[in-house]
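Reviewing the structure listed below.
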Amino acid sequence: MARKRSASEVDHKHSAASAQCAAALEALQASFVASGQPVQAIKCCEAACLAHSERGDTLAEARGRLSLARLLLAHTHNVAVARRQLDRAVRRALQAHVIAMRTA
C-alpha cells in the first residue's frame, strides 16, 4: 500500500516542477529571441512570469516582467502594455526587497 504524501511534500514537489518549467520557458524565450521570433519569445516570457508568480518567487517574477517589458517595447507598438509590465516588475521587486528585509 502506497504511503499518502503530506501537503508539504506535495507543495515542495509542485514548486520544484514549477521552477523547472519556468527555467525551460526562459531558455526557450532566449532561443526565440536569438532566432528572430519575438512573438513566441513574448508568449514564453508571459508563461514564465506566471510560473514564478504561482511559486511566490517575487524577485524572479520581477526580472521576468522587466524582460517582458523590454521585448514588448522592442517588438510591438503597445507602449501601454509594456508600461504595465514594467510597473508590475517594480512592485514585485519592492515586495522581494521587503521580504528580504523582514527575514534578515
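The values are calculated or read from the model by the stated rules, or taken from the named source; none is laboratory data. What you see is a predicted model; the values in this text were computed from it and never measured. Counting neighbours? That spans all protein chains shown, and the Cβs are built from the backbone with ideal geometry, glycine included.
Before moving on, here are some points about what is shown:
- Selected residue (criterion: nearest to Ser53 (Cα to Cα)) from residues of segment 78-97 that are among the small types (Gly, Ala, Ser) and either exposed (fewer than 15 other Cβ atoms within 10 Å of the Cβ) or touching a Lys or Arg at 6+ places or on another chain (Cβ under 6 Å) (or both): Ala89
- Residues in segment 49-67 that are under 19 Å from Asn78 (Cβ atoms) and either touching a Leu at 6+ places or on another chain (Cβ under 8 Å) or of a type in the set (Ser, Thr, Tyr) (or both): Cys49, Arg65, Leu66, Ser67.
- Within segment 66-104, the set of residues being charged (D, E, K, R) and closer than 16 Å to Ala30 by Cβ comprises Arg70 only.
- Leu50 satisfies every condition listed in (1) part of a helix (DSSP H, G or I); (2) over 19 Å from Ala30 (Cβ atoms); (3) without any contact (Cβ under 8 Å) to a residue 12 or more places away in the chain except (2).
- Failed condition for Arg102, given (1) part of a helix (DSSP H, G or I); (2) at pLDDT 95 or above: (2)
- Check on Ala47, among the aliphatic types (A, V, I, L, M) and at pLDDT 95 or above: yes
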